[in-house]
Structure formats: structure tokens, C-alpha cells
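The values are calculated or read from the model by the stated rules, or taken from the named source; none is laboratory data. Everything numeric here is computed off the predicted structure, so don't read it as measured data. Cβ placement follows ideal geometry from the backbone for every residue including glycine, while neighbour counts extend to all protein chains displayed. Areas reflect the complete protein model, heavy atoms only, side chains present, ligands, DNA and RNA absent. Shrake-Rupley method; radii C 1.70, N 1.55, O 1.52, S 1.80 Å.
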Amino acid sequence: MYVLGLTTLGDAAASLIHDGEIVAAAEEERFSRVKHHSGFPYLAIQYCLDQAGITIADVGHIALYWKPWILRHKAMQAIKAATISADMFRARVDRGVEQVSKSYLGMFRYPREIRRHFGPSDFKFHYYEHHLCHAASAFYLSPFKSAAILTMDGTGEETTTMFSRGEDVNLRPLKRIKLPHSLGQFYSAVTNFIGFDMFAGDEWKLMGLAAYGEPVYKDFFSRRVLSANGNGDFHLNIRTLDHHLAKHYQFPDELIQELGPARQPDEKIEKRHMDIAASAQEVLEDVVLKLLHNLHEQTGEKNLCLAGGVAFNSVMNGRIMQESPFENFFIQPAAGDAGCSLGAAYLVHHKVLKQPRAAQMEHAYYGPGFSSEECAAVLKGAGLEFETLEEDQLIARVAKMIADGAIVGWFHGRMEFGPRALGRRSFLADPRRADMRELLNEKVKLREWFRPLAPSMLEEASPKLFGIDHRDPFMVTVLAVREEMRDRIPAVVHVDGTARPQTVSRKTNPRYWKLLKEFERIAGVPVLLNTSFNIQEPIVCTPADAVRTFQAASFDALILEDHLVLRQGAHL
Ligand SMILES: [Fe+2]
């Protein structure tokens with residue numbers, strides 16, 4: 001039985017499962033080339049069907065990640081906001097009317113629209129609660145028979161944070177924290193205060209900047225903005241920091257009196273901005289750790305699953321692994337809303353079809369892949385000269401090239417589901433060169449100097465780098481690098497001595513594992529600098545995307561499957 005799961009507002013995506021196995025999962029942005037694509041995922045659905053070699057008539061169930069009729073709580077919040085300020089009320093009502101008219105009502109028409117666009121089909125259509133989809137995406141694909149689950153995001157229909165417990169196929173919500181109390185909206189609002197853009201997903205920038213600051217405003221944040229009450233609850237004071245006003249870069253007087261003026265997007269980043277970022281980051285971490293203590297008490301579980309956009313906060317995840325009472329962790333690699341499409345499909349599989357659990361997500365390579373012939377045809381079409389090499393030859397050439405200072409675009413196999421490049425669509429470079437971060441950020445990726453770059457490493461090398469046997473194929477946790485290793489791989493160690501590693505296994509990514517092994521042999525470190533293969537657009541998906549990026553940028557070599565293209569005059 002084929003089941004299709006859909007995410008249709010921000011980070012639109014489709015996931016297809018067959019008899020409980022993942023067949024395909026991809027974000028719409030990879031095809032439309034619009035970052036965080038919001039809208040119906042026509043192209044991602046078509047990709048899922050093509051990957052399976054089926055039509056919509058073969059799909060038995062389609063599940064949506066949202067219940068569009070849950071509106072009452074949001075309406076009440078808008079009315080409450082009117083008692084605080086007219087601006088706050090207006091910001092909520094304007095947004096609410098737009099959401100209801102454009103997005104939510106449209107969800108009721110999806111079954112008809114799918115048949116109109118993709119053809120006749122007898123599928124049954126299901127609507128699931130947003131946070132239940134997040135929870136399902138983490139728990140059902142985890143290795144755990146039972147686990148506590150914490151989901152945290154900006155907001156679902158009305159819930160922003162949910163405690164759940166999963167046991168076999170049962171997934172039971174234990175507690176819902178609702179608007180306006182939202183960890184995701186808190187972090188996004190501070191992101192805009194620092195002059196970044198929450199709509200562009202700039203929360204990463206706030207987290208990267210936090211490492212440069214001191215948490216000198218932490219007391220103010222925890223007293224007046226985001227407070228935990230010790231009972232597994234937290235409170236976001238919208239009189240001091242309101243997400244809806246922050247969207248328009250408007251901030252209450254109290255916040256400005258305490259923190260100084262908000263940074264303008266083109267203003268220089270100063271120590272004060274770094275300190276604000278560090279303070280917001282620590283307060284978020286403290287609140288989440290308190291929630292986890294409560295969740296642990298409630299469930300008695302030793303396993304923890306995390307999902308929701310806040311679970312992308314890899315610095316927070318590092319603290320959770322070290323300081324929370326849980327012992328084992330699974331964080332969904334598509335922790336944001338795209339991953340809800342996968343969760344929705346598994347809710348049908350277990351709840352409607354009553355099927356037992358069998359799947360486990362060991363990798364995220366469920367996106368499109370292209371044959372050697374398809375890649376060669378694109379290179380020829382672009383008029384590029386290339387060599388076609390056996391795998392061992394290719395690996396030897398690429399490892400040497402990187403050790404000699406080249407930046408390469410590495411395109412191999414089916415692409416990643418989720419925002420991280422995990423060795424299928426990656427820029428790779430030498431982590432030993434301290435100047436590589438600046439070179440990549442400013443010259444190749446055209447982005448801010450302070451953005452950390454992360455390492456891919458042989459999974460068996462974890463004790464050497466971090467002093468622990470850490471397995472994280474999805475790059476979702478920041479850990480402290482052992483002192484004696486920091487100087488050896490400076491390009492992938494952040495200013496505070498941490499790194500966010502991807503541990504690469506021979507089983508799930510054999511070619512990338514071999515490249516790391518060869519690099520270790522010639523360079524002495526089992527690590528490569530790995531950042532996503534894209535320049536100011538979604539990660540490249542097709543060979544044509546990769547070639548277009550190569551022609552427009554200044555990196556040294558492009559590897560499309562077994563074909564190698566060198567840039568003339570590059571470091572080779
Ligand atoms: Fe979400």
C-alpha cells in the first residue's frame with residue numbers, strides 16, 4: 001500500500017512510503033528553486049510518484065500535516081492582543097485573515113485539486129494535527145520501541161510545544177503548550193531584533209553569532225521575556241517581545257530600553273549583538289532542559305525523540321545530550337515542517353492501516369538521484385570538458401585535490417531530505433586550513449563571515465575528535481572538540497571550540513566514507529569540511545543545478561557522479 005504525506009505551507013514537501021518503507025521524500029524548494037517554498041508541493045509529489053514508478057491511482061491514502069479547522073484559539077489570541085495594543089491586534093488579524101483565506105480554506109480543496117492535477121484516484125484523505133506529525137516523524141523512525149517525545153516549533157494550528165510518549169505503534173500526547181507561548185517564535189523574534197530575517201530561516205545566524213558573545217542579558221530575558229515555571233511550562237511575555245510585531249521589525253519600548261536599539265540589517269555587527277544572541281540562546285537552552293526534566297519525570301523513559309524547527313538548534317541539542325536526564329537520542333533530520341509529511345504518512349501506516357513498526361531512518365538519502373549517463377549528457381550540453389573515472393581513481397584524485405587546497409562541488413547519489421548537506425550535494429574542502437572558512441563563506445557561498453562550517457568525519461574517529469563514541473549521521477548536535485585536535489582542523493572548529501559533526505558510516509554512504517578514509521591517509525585527519533552545495537539558493541538538486549552553480553561561482557572542481565570537471569587556473 002502506498003501512502004503519501006504532505007506539507008503545504010512553509011517548507012512544503014512530499015513523502016511517499018510503501019508498506020512502511022520510505023520510497024521518496026523531498027522538499028518542494030529543491031525543484032521550484034524557491035527557498036522554503038510555501039504552497040502546494042506539486043513537483044515534490046510528482047517526484048515521489050516517478051521515483052516509485054506509479055501514478056496517483058496507485059496511492060491508497062494521502063495525509064496532510066495540518067487540521068485547518070482549528071482556528072478558535074488563534075482568534076482568541078488576537079482578541080487578547082487587542083487589550084495590549086492596537087498594533088499587536090492588527091498584526092495578528094492581518095496575518096490571520098490571509099492564512100484563513102489563502103491557506104486553510106484551500107486545504108479542504110486538496111483532494112479535489114490532487115485529482116484534477118494528477119488524475120483520477122480512489123485515495124482516502126486524512127488531516128492530522130501538526131505536532132502529532134512532528135512527533136510521528138521522530139518516534140516512528142527512531143530505533144526505540146518506546147520513548148519520550150518533545151516537539152517544539154513556532155506554532156502548529158495552535159500548539160507550539162508538545163510532550164508525547166511513544167510505545168510501539170501508540171503515540172500519545174501528554175501535554176500541549178499553546179500560543180502565544182512559543183520557543184520558536186521567541187527565537188525568531190530575537191533573530192529579527194538582531195537584523196536578520198526570520199522568513200529566510202536566519203535563526204541559524206543567531207545561533208552561530210551566539211558563540212561570539214557573553215550572556216550578559218540572560219537575566220533580563222529569563223525574567224521578562226521567556227521564563228520556565230518548573231512545572232513543565234514556560235511563559236513568553238508578548239508585552240516585551242512579540243513575534244507578530246517582530247516580523248515587521250517593531251519592538252516594545254521595554255526591550256529597547258534593556259537591550260538598546262534593534263540592529264538594522266545593514267548595520268555592523270557589534271559585541272552587544274553577539275551578547276544578545278548568546279543570552280537568547282542560553283535562555284532557550286535552560287527552558288528546554290527544564291521541560292525535559294519534567295518530561296522525564298512524567299514518562300520515566302530513557303529514550304528521547306525530538307522534532308519541530310527548534311530541534312534544529314544543534315547547540316541546544318549538544319547540551320541536551322550532556323545535561324538532560326535521557327540516555328539515548330533520536331533527532332529527526334527533517335525536524336522542520338518538511339519532515340511532517342513523513343510523520344503524516346506513518347500515522348496512516350500505524351493508526352489507519354494498523355501495521356506494525358519496522359522502519360528506521362539510518363540516513364536521509366530519499367531525494368532525487370541521477371545516473372552517470374544523465375550527468376554526462378548535462379556536462380556535454382553545457383560544453384564542459386570532463387574526465388570519467390573509476391571510483392578508486394576518482395577518490396584518489398579528489399582527496400589529493402582537496403589536500404592541495406581545492407574547494408570541490410561533490411554531487412553523488414540520491415540527495416538529502418532535510419536542510420543539511422550530508423555528503424551527497426556538498427562543497428568539500430580541507431579542514432586543516434584556517435583560512436578556508438573565510439574563503440568559503442565570503443568568496444564562494446557569499447554569506448556572513450561568522451557562519452560556522454561543519455565537519456564530516458569517519459564515524460569510527462569520533463573518540464579521537466570528541467573523546468566520546470558519538471554517532472550523528474544527521475549533523476544535528478554541537479559538541480566540544482578535544483583541545484589537542486582544535487588546531488589540526490581549525491576551519492571546522494567554531495570560535496568556542498565546538499563543532500557540529502556528521503559521522504559518516506561505510507554502510508549508508510560508502511563512497512563518501514572512502515573519500516574520508518583516503519583523505520585521512522594523505523592528510524592525517526579523518527575529517528573533511530562539508531557545507532551545502534548551493535549559493536544563495538536551495539541546495540542543488542539536478543546535474544543542471546550543479547553545472548549552473550559551477551559556471552556562476554569560483555570553486556575549483558565539480559564532481560558529478562564519476563565525472564570530474566576542473567576549472568582552468570584553479571588550485572589543482
Ligand atoms: Fe512545525
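Numerical summary
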{"quantity": "Gain on full stretching of the segment that runs from Gln360 to Asp122 - 0.36 nm per residue minus C-alpha separation", "calculated": "82.8 nm"}
{"quantity": "14 Å beta-carbon shell around Arg506, net charge (K/R +1, D/E -1)", "calculated": "-1"}
{"quantity": "Solvent-accessible area per residue for the chain (1.4 angstrom probe, square angstrom)", "calculated": "38"}
{"quantity": "Free-standing Cys residues across the chain, given no other cysteine C-beta under 4.7 angstrom", "calculated": "Cys48, Cys305, Cys375, Cys541"}
{"quantity": "Simple label model, 7 Å out from Cα along Cβ direction - Gln322 to Arg482, nm", "calculated": "1.6"}
{"quantity": "At R0 = 45 Å, FRET efficiency that the Cβ-Cβ distance of Thr388 and Glu442 yields, to 0.05", "calculated": "0.85"}
{"quantity": "Largest-first principal axis extents, alpha carbons of segment 422-518, Å", "calculated": "34, 29, 24"}
{"quantity": "Against the rule of thumb 2.2 N^0.38 Å, how large the Cα Rg of the chain comes out", "calculated": "0.94"}
{"quantity": "Label-to-label distance, nm, for residues given as Trp69 and Arg471 (7 Å Cα→Cβ offset)", "calculated": "4.4"}
{"quantity": "Computed lengthening from Ala377 to Asp87, 0.36 nm per intervening residue step minus Cα-Cα distance", "calculated": "98.8 nm"}
{"quantity": "In Å², nearest 10: area of Lys247 left accessible to a 1.4 Å probe", "calculated": "30"}
{"quantity": "Helix-derived mean residue ellipticity, 222 nm - over the chain, DSSP H n ≥ 4, -39500 (n - 2.57), to 500", "calculated": "-10000 deg cm²/dmol"}
{"quantity": "Positive minus negative residues near Ala358 (Lys, Arg vs Asp, Glu; Cβ under 9 Å)", "calculated": "-1"}
{"quantity": "For Val216, solvent-accessible area (1.4 Å; no DNA, RNA or ligand), Å²", "calculated": "90"}
{"quantity": "Solvent-accessible surface (1.4 angstrom probe) belonging to Asp58, in square angstrom, nearest 10", "calculated": "80"}
{"quantity": "Local electrostatic count at His134 - Lys and Arg +1, Asp and Glu -1, tallied over other residues with Cβ under 11 Å", "calculated": "-3"}
{"quantity": "Accessible heavy-atom area order of Glu373, Glu285, highest first, probe of 1.4 Å", "calculated": "Glu373, Glu285"}
{"quantity": "Lysine pairs with alpha-carbon atoms under 25 Å apart, segment 434-527, spacing 8 or more or separate chains", "calculated": "4"}
{"quantity": "Alpha-carbon centroids, segment 244-263 and segment 477-529: separation in whole Å", "calculated": "40"}
{"quantity": "Solvent-accessible area, 1.4 Å probe, carbon plus sulfur percent, for the chain", "calculated": "50"}
